[in-house]
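This report refers to the structure that appears directly beneath it.
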Amino acid sequence: MHCESYLRQTVEIAKLIDPGSLERMVVGLHRLRERGGRLFLLGVGGSAANCSHAVNDFRKLCGIEAYAPTDNVAELTARTNDEGWSTVFEAWLRTSRACAKDAVLVLSVGGGDAERNVSINLVRALDEAKRRGLTIFGIVGRDGGHTKRVGDEVIVIPTVDPAMVTPHTEAFQGVVWHGLVCHPLLKIQENKWEGLAAPTAGRP
């Protein structure tokens, strides 16, 4: 049955992800916050929606100044219409005067692939980030693509079923970033429900 297979694969993926890679990313994000850098989250499609959610968590729970270009639909569509889809993230970094204090976090199924002409906007943004000295993080699938090749700390969601790469990768983007934002080194504010429960802990 599909649902049984999907859940079994989810457990398998969770066991295959290296916890050390999450810890290293936590350290990198902590250093970013300590130096007053900004975090730019880049993704398209379902990953863009994940970027929007993650921006909220990094800002509210971790006190990291974070942005997703896809949240600004006016600028996104203006640049797409006037300059082309492939330039939208690159131009955002340039206009934001992104610098070596800052970082990008790519959420993507394939990580960008210039040879196959897939997610070229991510490829160009990453090349711009490299030119500007930004730290590059990623949570991606398949072989990691351009993000894995040029990134500093990139978590590649293991492929356990080639027919389910997209749903598993986008689902585990959420698993990974939630693991990051609730890490004691990063979290400066409790989630709402955990915060409500905290005052009663230990009471008879």
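Taken together, the values in this text are just the output of simple stated rules run on the coordinates, not laboratory data. All figures in this text were calculated on a predicted structure; none of them were measured in a lab. When we count neighbours, we look across all protein chains shown, and the Cβ atoms used for this are built from the backbone with ideal geometry, even at glycine.
Things worth noting here:
- Short-range pairs are left out: with C-alpha atoms under 8 Å and at least six residues apart, the relative contact order of the chain is 23 percent.
- Summary of packing: across the peptides 9-20, 44-55, the per-residue average of other C-beta atoms within 10 Å ranks them, highest first, as 44-55, 9-20.
- Compactness relative to 2.2 N^0.38 Å, alpha carbon Rg of the stretch 1-110: 1.26
- The sum of -39500 (n - 2.57) across all DSSP H runs of n ≥ 4, divided by the residue count of the chain, sets its helix-only mean residue ellipticity at 222 nm to -16000 deg cm²/dmol.
- Built amide H within the under 5 Å cut-off of GLY110, gap 5+: GLY141
- Debye equation applied to the C-alpha atoms of the stretch 17-185, log10 I(q)/I(0) at 0.10, 0.14, 0.15, 0.17 Å⁻¹: -0.32, -0.65, -0.75, -0.99
- Of the peptides 105-115, 142-152, the ranking by mean beta-carbon count within 10 Å, highest at the top, reads 105-115, 142-152.
- Charge tally for ASP152 (other residues, Cβ to Cβ under 12 Å; Lys, Arg +1; Asp, Glu -1): +4.
- Amide H partners (placed H, <5 Å) of LEU42, local residues excluded: LEU105, VAL106, LEU107
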